[in-house]
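Please read through the structure below; I'll follow up with questions.
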Amino acid sequence: MGRLVLFLTIIVFFAFSFFSEVQSASFRVINKCRHPIWPGLLSGATSPPLPTTGFLLSAGRSRTITIPRSWSGRIWARTLCGQDSDGKFSCVTADCGSGKVECGGGGAKPPATLAEFTLNGADGLDFYDVSLVDGYNLPMLIVAQGGTRGGCSATGCLVDLNGACPSDLRVARGNGTKSGRGGGVACRSACEAFGDPRYCCSEAYSTPDTCGPSAYSLYFKHACPRAYSYAYDDKTSTYTCASANYLIIFCPLPYTSQKVLGARKDGAPLPLVNKTMMYLSRPHSGSSSSSGR
């Protein structure tokens with residue numbers, strides 16, 4: 001009897017382990033920037049908690065996180081982070097306000113490039129996108145791997161926009177705006193910069209019929225054709241895949257990956273990157289050259 005109980009216990013353990021693995025996805029977060037980043041993760045209100053909500057990722061390093069299959073939330077990267085004399089942790093861009101490396105339920109303070117996911121949604125599909133609706137701080141690429149259905153195409157914003165950011169949207173190292181070209185560490189959305197309902201798709205402009213792209217959102221869209229540029233930019237910016245694992249790459253090198261650039265399995269009418277903006281100057285961007293505060 002004792003051996004039978006032991007045998008059944010082992011069977012249940014392995015069955016549970018297999019079921020848990022099948023019911024989870026892996027997100028491999030990769031830092032190809034020349035400086036450290038501090039990825040942050042925020043789960044949706046009804047999603048199960050994650051094993052981490054924030055961590056340090058040094059240049060050239062990666063970390064794999066197990067994500068529950070029925071999960072929704074967002075991932076971003078904080079930059080130029082450090083501790084003050086009281087031990088409080090904060091970041092110049094995309095800070096989550098927790099005062100710690102772990103975000104603990106705090107979201108990114110705009111501007112921030114966001115990777116957004118809803119796993120195992122309608123028809124069992126994962127829905128994912130890269131959003132610049134809350135502004136931009138780093139280039140980002142999402143690559144789906146091993147998907148069984150859906151387009152499973154790559155999406156993201158592969159261009160460094162900080163150096164060429166319009167002066168009235170630019171965020172300087174001290175969280176202020178800076179006139180002239182260069183010197184920015186992030187690029188705000190027009191909604192954040194001006195608070196105008198026309199740019200925020202709010203109040204009288206809260207529907208797709210009343211809120212269209214602006215000159216500012218078109219700046220983001222021209223550089224990053226597949227990324228969300230404003231609230232109702234759905235047709236060209238949401239992607240699907242089933243039962244996939246995902247690479248989330250910060251500061252990818254678009255010109256060295258023609259295979260990814262050409263991956264358009266879903267028939268999306270727009271390219272992943274606008275090659276005419278691929279070689280924007282990087283040295284002027286404070287977030288691309290600094291290793292800390």
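On the basis of being at pLDDT 95 or above and either touching a strand residue (DSSP E or B) at 6+ places or on another chain (Cβ under 9 Å) or of a type in the set (K, R) (or both), does C224 make the cut? Can you show your working first?
On the way: at pLDDT 95 or above: no; either touching a strand residue (DSSP E or B) at 6+ places or on another chain (Cβ under 9 Å) or of a type in the set (K, R) (or both): yes.
Taking the combined requirement at face value, the residue does not satisfy it.
Would you mind stating whether V143 is hydrophobic (A, V, I, L, M, F, W, C) and within 21 Å of S24 (Cβ to Cβ)?
Details: hydrophobic (A, V, I, L, M, F, W, C): yes; within 21 Å of S24 (Cβ to Cβ): yes.
Yes: the conditions hold for V143.
Which pairs turn up if I take residues in region 216-244 that are touching a residue at least 40 places away in the same chain (Cβ under 8 Å) and closer than 19 Å to S202 by Cβ and look for partners that are assigned to a helix (DSSP H, G or I) and of a type in the set (D, E, K, R) with beta carbon separation below 6 Å, at least 6 apart in sequence or on another chain?
S229/K221
With the structure loaded, tell me whether G151 is on the phi > 0 side of the Ramachandran plot, surrounded by fewer than 23 Cβ atoms within 10 Å (Cβ to Cβ) and out of contact with any Cys (no Cβ under 6 Å at 6 or more places or on another chain) or whether it fails that test. Before you say what the answer is, go through the steps one by one.
On the way: on the phi > 0 side of the Ramachandran plot: no; surrounded by fewer than 23 Cβ atoms within 10 Å (Cβ to Cβ): yes; out of contact with any Cys (no Cβ under 6 Å at 6 or more places or on another chain): yes.
It is false that G151 is on the phi > 0 side of the Ramachandran plot, surrounded by fewer than 23 Cβ atoms within 10 Å (Cβ to Cβ) and out of contact with any Cys (no Cβ under 6 Å at 6 or more places or on another chain).
Specify the residue that is surrounded by the fewest Cβ atoms within 10 Å (Cβ to Cβ); the eligible residues are those in region 82-120 that are in contact with a Phe, Trp or Tyr (Cβ under 8 Å, 6 or more places away or on another chain) and without any contact (Cβ under 8 Å) to a residue 12 or more places away in the chain.
For region 82-120, the residue satisfying everything is Q83.
For S153, are the conditions met, namely being closer than 21 Å to R226 by Cα and at pLDDT 90 or above?
Working: closer than 21 Å to R226 by Cα: yes; at pLDDT 90 or above: yes.
So S153 fits the description; yes.
Any idea which residue in region 36-62 is least open to solvent (accessible area, probe 1.4 Å), counting only those that are assigned to a loop (DSSP other than H, G, I, E, B), at pLDDT 95 or above and of a type in the set (V, I, T)?
Step by step, filter region 36-62, then rank; the result is T52.
I'm told K109 meets every condition in (1) under 26 Å from F194 (Cα atoms); (2) assigned to a strand (DSSP E or B); (3) basic (K, R) except one. Can you identify the failing condition by its number?
K109 satisfies every listed condition except (2).
Can you say whether D129 is open to solvent by 10 Å² or more (accessible area, probe 1.4 Å) and touching a residue at least 40 places away in the same chain (Cβ under 8 Å), as far as the supplied structure shows? I'd like the intermediate steps shown before the answer.
Numbers: open to solvent by 10 Å² or more (accessible area, probe 1.4 Å): yes; touching a residue at least 40 places away in the same chain (Cβ under 8 Å): yes.
For D129, the condition - open to solvent by 10 Å² or more (accessible area, probe 1.4 Å) and touching a residue at least 40 places away in the same chain (Cβ under 8 Å) - is met.
The values are calculated or read from the model by the stated rules, or taken from the named source; none is laboratory data. Keep in mind that this is a model prediction, so the values were computed, not measured. Methodologically, a virtual Cβ is constructed for each residue, glycine included, from the backbone with ideal geometry; neighbour enumeration extends over all protein chains shown. What goes into the accessible areas is simple: the full protein's heavy atoms, side chains included, and nothing from ligands, DNA or RNA. Shrake-Rupley method; radii C 1.70, N 1.55, O 1.52, S 1.80 Å.
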